[in-house]
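Participant: Sharing a structure here in structure tokens format.
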Amino acid sequence: MPCSRPASDEATGREANPPGPARKASGDPKGRLPAGLYLVATPIGNARDITLRTLDILAAADLVACEDTRVTRRLLQIHGLKAHLTAYHDHNAERVRPKLIAAIRAGKAVALASDAGMPLVSDPGFGLVRAVRAEGLAVTSAPGANAALTALQLSGLAPDRFGFLGFLPAKRPARRRALAPWAETPATLIVYEAGTRLAACLADMAAVLGARGAAIARELTKRHEEVVRGTLDELAARYAGSGPPKGEIVIVVGPPAEAAPAEIPDALLAERIAALGLSRAAGELAAVSGRPRRDLYRRGLELLARDR
């Protein structure tokens, strides 16, 4: 299940844009693709957020496996494409997977598309990729839009280290247990959530993770895109006091605040200098306190000069 469903078309919700021309795949003069599994990213809202390579693959694939054939057919229509579609989702994967592998083994090109975003990212497909690789068959990816990374970009929170938690459990005890191992992780966290569970999820996050900065990203790339920022407790109160927001949600939570370095009393620094020498004492106390070694070394020099 992808994070952001397509947007405002009456039938599928996809942001309808002027259709593009049908394309031929560029790997073969006749538009054919080599046999294999092609993981293709689809837009998370705006239908124009699709790559030329994905259009090539969708136009040339012998078979397109997708979560909901109605959603994928609408996307193909917007871009002036036709394809042979088959449903592949959590409820039929065990039955359909062998057929897809047999098609690839027989020389067919099979594309796997999610309703929105990258296949396998909180979305069916992992079992298929693993099975295709186990058969020694080719797998490649045509990357593109992704709700988690888009929300991280827009959040204004630290992007250098992040953890993707996908969808958390729906029940409070299980959700809090899932959050607990991340409480001390020095990284930004990204969570997918439904609007109906947003307030409860934020309350549990505030209880487990503390009053961290966070952002709620909704309707990404769509006409009514919205990013709301605040601390987890502020956001929990905001959404508890209103009806559930429409659409699916990305929650981005900033890392925990760094603990202030421990103070090192002059008496302790002088004692360790007497026992180890200035250089080793500064290194030892920097390791246990979190204070910069150069600062401790400089203070040690001052203490030694004072005592002369």
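Participant: List the number of the failed condition for residue 77; all other conditions in (1) surrounded by fewer than 20 Cβ atoms within 10 Å (Cβ to Cβ); (2) on the phi < 0 side of the Ramachandran plot; (3) free of Cβ contacts under 8 Å to residues at least 40 places away in the same chain hold.
Facilitator: That leaves (3) as the condition not met.
Participant: Moving on. Is there a residue being outside the structural domain of residue 300 (by TED's automatic domain parsing) and surrounded by fewer than 17 Cβ atoms within 10 Å (Cβ to Cβ) anywhere in segment 246-253?
Facilitator: Yes, because at least one residue in segment 246-253 is outside the structural domain of residue 300 (by TED's automatic domain parsing) and surrounded by fewer than 17 Cβ atoms within 10 Å (Cβ to Cβ).
Participant: A follow-up question, please. Have a look at 114, 122 and point out the one that is surrounded by 22 or more Cβ atoms within 10 Å (Cβ to Cβ), at pLDDT below 95 and hydroxyl-bearing (Ser, Thr, Tyr).
Facilitator: 114
Participant: Now a separate question. Among the residues of segment 182-192, count how many are at pLDDT 95 or above and out of contact with any Phe, Trp or Tyr (no Cβ under 7 Å at 6 or more places or on another chain).
Facilitator: 2
Participant: Here is a further query. Return yes or no: is residue 197 closer than 26 Å to residue 241 by Cβ, in contact (Cβ under 8 Å) with a residue 12 or more places away in the chain and out of contact with any helix residue (DSSP H, G or I) (no Cβ under 8 Å at 6 or more places or on another chain)?
Facilitator: Judged against the criteria, residue 197 is a match.
Participant: Something else: Return the pairs, sorted by first residue and then second, in which the second residue is in a helix (DSSP H, G or I) and of a type in the set (S, T, N, Q), the first residue lies in segment 147-171 and is farther than 11 Å from residue 251 by Cα and not assigned by TED's automatic domain parsing to the domain that holds residue 228, the beta carbons are less than 8 Å apart, and the residues are 6+ apart or on different chains.
Facilitator: Listed pairs, sorted by first residue: none to list.
Participant: From the residues in segment 202-216 that are in contact with a Ser or Thr (Cβ under 7 Å, 6 or more places away or on another chain) and surrounded by 17 or more Cβ atoms within 10 Å (Cβ to Cβ), which one is nearest to residue 49 (Cα to Cα)?
Facilitator: Initial filter on segment 202-216 (in contact with a Ser or Thr (Cβ under 7 Å, 6 or more places away or on another chain)): 211-215.
Right, trim to surrounded by 17 or more Cβ atoms within 10 Å (Cβ to Cβ) and you get 212-215.
Numbers: 212: 32, 213: 29, 214: 26, 215: 23 Å.
By that ranking, first place goes to 215.
Participant: Still on this structure: Among (1) surrounded by 14 or more Cβ atoms within 10 Å (Cβ to Cβ); (2) in contact with a Ser or Thr (Cβ under 8 Å, 6 or more places away or on another chain); (3) of a type outside the set (Gly, Ala, Ser); (4) not assigned by TED's automatic domain parsing to the domain that holds residue 90, where does residue 191 come up short?
Facilitator: Against the list (1) surrounded by 14 or more Cβ atoms within 10 Å (Cβ to Cβ); (2) in contact with a Ser or Thr (Cβ under 8 Å, 6 or more places away or on another chain); (3) of a type outside the set (Gly, Ala, Ser); (4) not assigned by TED's automatic domain parsing to the domain that holds residue 90, residue 191 comes up short only on (2).
The values are calculated or read from the model by the stated rules, or taken from the named source; none is laboratory data. Keep in mind that this is a model prediction, so the values were computed, not measured. For neighbour counting, all protein chains shown are included, and Cβ atoms are generated from backbone atoms with ideal geometry for every residue, glycine included.
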